[in-house]
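To start, the structure itself, in structure tokens.
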Amino acid sequence: PCFKTTLSAGDRSALALAFFFATLRRDPNLANRIVILDDPFSSQDRFRRAATQYLIGRLAEDCDQVIVLSHDPHFLNALEQDTQAAGIARLQTSAAGNAVEISPCDLGAIIGCPLSAERARLTAYVSAGQGAPIDVARAIRPVLEGHLRQAAPGTFNGMNMLGDMISAIRAAEPGDAIHRF
């Protein structure tokens, strides 16, 4: 038995991140450090994602600069809302011929309608049988989560995952806003 064979991917990721944060906290020169985190919450459940968000927010207050790379706009938005650090810059990369272009990122616009491509993929599959089944399968979860977040904004946010949402709906009492789902 070892960490590699007894811990889940989420447990290994959380443990590695905890060791990383502990090492940073011991650094006497932390205030002058630039820290880069690449998808620090991959394979994490809702509680660990929230804890990671909190720890990154505190780290941003204590370091010269913290850079968070991610594909999850909801996590980045929640992180930004939780962080009291000043000078947050949102950047995105995109292909520009044979190069990569870095430009400002409008997180609000992305979150406002992040699922249009996935919805189009599902519609094309249902109406015309178009699309690779694996791509269609990958689109189902984010579309369902996005729909539930939009339908019950006071109940579900970007940190809620589909399993949590289903559990809350099943546990809802008559009269609860989500009982009708």
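Looking only at residues of the range 152-176 that are of a type in the set (A, V, I, L, M) and open to solvent by 40 Å² or more (accessible area, probe 1.4 Å), we find that the one that is farthest from the chain's Cα centre (by Cα) is 171.
Of everything listed in (1) in contact with a Leu (Cβ under 9 Å, 6 or more places away or on another chain); (2) within 30 Å of residue 21 (Cα to Cα); (3) open to solvent by 50 Å² or more (accessible area, probe 1.4 Å), the single unmet condition for residue 147 is (2). Looking at this structure, is residue 142 free of Cβ contacts under 8 Å to residues at least 60 places away in the same chain and either part of a helix (DSSP H, G or I) or crowded, with 17+ Cβ neighbours inside 10 Å (or both)? Spelling it out, residue 142 is indeed free of Cβ contacts under 8 Å to residues at least 60 places away in the same chain and either part of a helix (DSSP H, G or I) or crowded, with 17+ Cβ neighbours inside 10 Å (or both). Could you give me the residue pairs with C-beta distances under 8 Å whose first residue belongs to the range 43-56 and is touching a residue at least 40 places away in the same chain (Cβ under 8 Å), whose second residue is in a helix (DSSP H, G or I) wherever it lies, and which are 6+ apart or on separate chains? Note: pairs meeting the criteria are 45/10; 46/164; 49/75; 53/75; 53/78; 53/79; 53/82. Would you check if residue 64 is without any contact (Cβ under 8 Å) to a residue 40 or more places away in the chain and touching a Leu at 6+ places or on another chain (Cβ under 6 Å)? Taking the combined requirement at face value, the residue does not satisfy it.
The values are calculated or read from the model by the stated rules, or taken from the named source; none is laboratory data. This is a predicted model, so every value here is computed, not measured. Using ideal geometry, Cβ is built from the backbone for each residue, glycine included, and neighbour counts are taken over all protein chains shown. When the accessible area is computed, the model is the full protein with side chains, heavy atoms only, and any ligands, DNA or RNA have been set aside. Shrake-Rupley method; radii C 1.70, N 1.55, O 1.52, S 1.80 Å.
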